[in-house]
Amino acid sequence: MAHIIKTKAFVLRTRPFKESSLFAVMFTRKNGKVDVLAKGCRRPKSKLCGTLEVFNLDEIIYYKRETKDVYTLSDATVIDDFEKIRSNVRTVNSAMVLCEFFTKTLPSEEQNEEAYTLLRTFLNTLREIDHTFAKPLTLYYLLRALSGAGVQPHLDSCVTCRRAINSNTKKIDFSVAAGGIVCERDFDDTVVYLDRETVNTLHQIYKKTDVDLRKMRFDEIEEILPDYLYHHLNNTVLHSLKHL
Ligand SMILES: [Zn+2]
């Protein structure tokens, strides 16, 4: 007997399978991340044709037979293709960053309403804003998504010994490996000096209050982010960050 599921889902990633099919990683609302096989969907006459563009929001139906591990996509309808995002290479790259992040970090088949809503809000905002703000917006949402995955820098005291840190200095020592600000005694090889404004920006991101991207400082965050991800998220590398 087949178990049939109907749900909304974002397309996170696809790869060709055989001549005319695709494997797709979907972020479903009901069951979190799910891998599906879309048989024959690259044929022009397929009813699935065009539904599996990355970051499309679809209504999908998929099922698993008891004897097979792979889910089969039996139907998909595009709810939103975020066309305006696709008209600019910068916003496309931005959307790819969050898709790659969720592809690599979400556990399979675990509902995650918070992350699903975050991705939806991110894409809706990305389509509305001036594309020159695409990068700060993406970094903002990526850090929020990271926080949702349980990875957030420690900023209130020394991450290692918990001593208070003088907050009047302009530059603050941040250990990428330890994952937070550090006092002089707990220096390591990965310490970078962050501007006070950068640390304030991080505070704002995690407070989840209304933020003004124009007043936030992302350049240093962008610089340390690849190493930070690698250290704190099981050696994860986000290739799409290079094109942001
Ligand atoms: Zn310390």
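Details
- Residue list for the stretch 195-214, restricted to those being part of a helix (DSSP H, G or I) and within 20 Å of Thr169 (Cα to Cα): Arg196, Glu197, Thr198, Val199, Asn200, Thr201, Leu202, His203, Gln204
- Output for the stretch 14-51, where each listed residue is among the charged types (D, E, K, R), in contact (Cβ under 8 Å) with a residue 60 or more places away in the chain and either surrounded by fewer than 20 Cβ atoms within 10 Å (Cβ to Cβ) or in contact with a Cys (Cβ under 6 Å, 6 or more places away or on another chain) (or both): Arg29, Lys30, Asp35
- Failed item in (1) crowded, with 16+ Cβ neighbours inside 10 Å; (2) assigned to a loop (DSSP other than H, G, I, E, B); (3) within 16 Å of the ligand (Cβ to nearest atom); (4) at pLDDT 90 or above, with Phe174 passing the rest: (2)
- Filter result for Arg162 (within 11 Å of the ligand (Cβ to nearest atom), out of contact with any helix residue (DSSP H, G or I) (no Cβ under 6 Å at 6 or more places or on another chain) and either outside any loop (DSSP other than H, G, I, E, B) or assigned by TED's automatic domain parsing to the domain that holds Thr236 (or both)): yes
- Condition check for Val192: modelled with pLDDT of 95 or more, surrounded by 13 or more Cβ atoms within 10 Å (Cβ to Cβ) and in a strand (DSSP E or B): yes
- Filter result for the condition that a residue is in the same structural domain as Arg214 (by TED's automatic domain parsing), away from the ligand (no atom under 16 Å from the Cβ) and of a type in the set (Asp, Glu), over Glu184, Glu197: Glu197
Listed here are the residues, each with its yes/no results for (1) charged (D, E, K, R); (2) more than 18 Å from Asn124 (Cα to Cα); (3) not assigned by TED's automatic domain parsing to the domain that holds Phe122.
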position	(1), (2), (3)
Arg29	yes, no, yes
Lys33	yes, yes, yes
Gly40	no, yes, yes
Lys45	yes, yes, yes
Leu48	no, yes, yes
Glu53	yes, no, yes
Asn56	no, no, yes
Ile60	no, yes, yes
Arg65	yes, yes, yes
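- Check on Thr169, within 21 Å of Asp219 (Cα to Cα) and either assigned by TED's automatic domain parsing to the domain that holds Glu223 or more than 16 Å from the ligand (Cβ to nearest atom) (or both): yes
Yes or no, residue by residue, for (1) within 18 Å of Val97 (Cα to Cα); (2) modelled with pLDDT of 95 or more; (3) surrounded by fewer than 16 Cβ atoms within 10 Å (Cβ to Cβ); (4) in contact with a His (Cβ under 6 Å, 6 or more places away or on another chain):
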| residue | (1), (2), (3), (4) |
| --- | --- |
| Cys161 | no, yes, yes, no |
| Ile221 | yes, yes, no, no |
| Asp227 | yes, yes, yes, no |
| Lys242 | yes, no, yes, no |
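- Pairs where the first residue, in the stretch 94-121, is in contact (Cβ under 8 Å) with a residue 24 or more places away in the chain and the second is assigned to a helix (DSSP H, G or I) and among the basic types (Lys, Arg), C-beta under 9 Å, 6+ apart: Ser94/Lys135; Ala95/Arg86; Leu118/Arg144
The values are calculated or read from the model by the stated rules, or taken from the named source; none is laboratory data. What you see is a predicted model; the values in this text were computed from it and never measured. We place every Cβ from the backbone using ideal geometry, glycine too, and count neighbours over all the protein chains shown.
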